[in-house]
1. Pick out, in residue order, every one of the trypsin sites (Lys or Arg not before Pro) in segment 1-93 that is DSSP loop and has at most 12 other C-beta atoms within 10 Å; say none if there are none.
2. Take the alpha carbon gyration tensor of the chain, find the square roots of its eigenvalues, order them as a ≥ b ≥ c, and report rounded if a/c is under 1.5; if not, report prolate when a/b exceeds b/c, else oblate.
3. Taking all protein chains as present, what is the carbon and sulfur share of the accessible area of segment 24-76, in % to the nearest whole number, probe 1.4 Å?
4. Quick one: which residues, 5 or more positions from VAL28 or on another chain, have an amide H under 5 Å from its amide H? H modelled 1.01 Å from N in the peptide plane, none for Pro or chain starts.
5. Counting only heavy atoms of protein chains, what accessible area per residue, in Å², does segment 231-273 have with a probe of 1.4 Å?
6. Give the ranking of ILE139, ILE353 by solvent-accessible surface, highest area first, calculated with a 1.4 Å probe.
7. Considering only protein heavy atoms and a probe of 1.4 Å, how much of the accessible area of segment 105-264 is carbon and sulfur, as a whole percent?
8. Using R₀ = 41 Å, calculate the FRET efficiency as 1/(1 + (r/R₀)^6) where r is the Cβ-Cβ separation of SER116 and LEU78; round to 0.05.
Amino acid sequence: MQRRHDLDWLRVIAFALLVLYHVGMYYVSWDWHVKSPQAGTALEPFMLLTSPWRMSLLFLISGVATAFMLQRPTARFLRRRSWQLLLPLLFGMLVIVPPQSYLEVVEQLPGGYGESYLAFYARYLSAYQGFCDSDGCLILPTWNHLWFLPYLWCYTLLAWLLWRLLPAAGLARLRQLAGRILGGWRALLVPIAILAAARLLLATRFEQTHALIDDWYSHAEYAAVFLLGFLLAFDERFWERLQRLRWTSLVLATGSYAVLIHYWYFAGYGDEQPLPELLRQYLRVVWAIDQWCATAALLGFAYRWRNADSPLLRYLTVAVFPVYILHQTVIVVLAHALKPLGIPATLEAMLLIAATFALCFAAYALIRRSRLLRPPFGLRSESVPNPPLTTTASEASQT
């Protein structure tokens, strides 16, 4: 086993795309915490370029990371992972996320909101449910963009139970079976079938909420790719298979993306002329093709860089988790502050992106030097070298 630097790079890239995506949320018509006066639909086709696969890729990489960590298990594995995931979640809900909810209330509450942040924070901690509009009431307290952490903790618990309850030989046979099932073209077809079934059967009944307990469609897709990564982490034939199929995967992903945006934005369908139900079901299958084939293409192209280590990668690998925790609050606060200036949208977006990365990495430079701040941001109390056998780089291996 050697460190998989290709997955390190993909993890960093996926989280960087998440920052860009959340900046984009300020400018599109979809509901978000704060909205630009210049928001519209023009940017939405570009947002959909990563929407189907970005989080699936992160969960798959997390499954691989979990498999590698359990190759060197300790008696404290579950306790350590819980500390790495749940402490940042709790800290984030108490400290990082509340400004997002406060500014959402300030900007969107009918009739406005004139109380101070401290007054709002007292309501936030008391689980106040009175901030309501036509779409419903704001749920407080909340984890907002940190929903990834409780989901990952639950899937990690599932993988740990498999490792703990199955004999080593049984787990090995399960991994061999998974490798055989995904042999040849089935490396594309089987995951597509699983994701398509999840979308066809569950997407309508269970809208994505990121609330954990009622989010069954999300669990079906994200737990599936997490377990796929966990079971196939050490199957070199599977990764080489994805490398051989990388161009096919890219063509399928590109074609399915083109089909999605054509019918959603350019074919004339909308509120007055909704999609026919049969076409809607067809597009759900196309979404699953895009979701897996884009993931497979990225994994296949990146595989040749599995040994491409660098000082920059080692730095970014550790920094990415604190940046993830901070980024959405930084975006929301900056967007709200810039709104009165009336800056043209393109220039404002570029400024938001640059300022978000600059402030988050500046904060990380302080966090990494503080024994007190490191644990709430997912880092070990003391800086340590990257362990040689983990998959996703880092002392912050929780993602």
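The values are calculated or read from the model by the stated rules, or taken from the named source; none is laboratory data. In this text the structure is predicted, and so the values were computed from the model without any measurement. Positions of Cβ are backbone-derived with ideal geometry, glycine not excepted, and every protein chain shown enters the neighbour counts. Remember, those area values only see protein heavy atoms, side chains included, never the ligands or the DNA or RNA. Shrake-Rupley method; radii C 1.70, N 1.55, O 1.52, S 1.80 Å.
1. Answer by residue number: ARG76.
2. Oblate.
3. Of the solvent-accessible surface of segment 24-76, carbon and sulfur hold 58 percent.
4. Amide H to amide H, under 5 Å and 5 or more residues apart or across chains, VAL28 pairs with GLY40.
5. Values: 2590 Å² over 43 residues.
I get 60 Å² per residue for this part.
6. Highest to lowest solvent-accessible surface, that is ILE139, ILE353.
7. On the way: 5350 of 8200 Å².
About 65 percent, which is the carbon plus sulfur part of the accessible surface.
8. For SER116 and LEU78, the calculated efficiency is 0.50.
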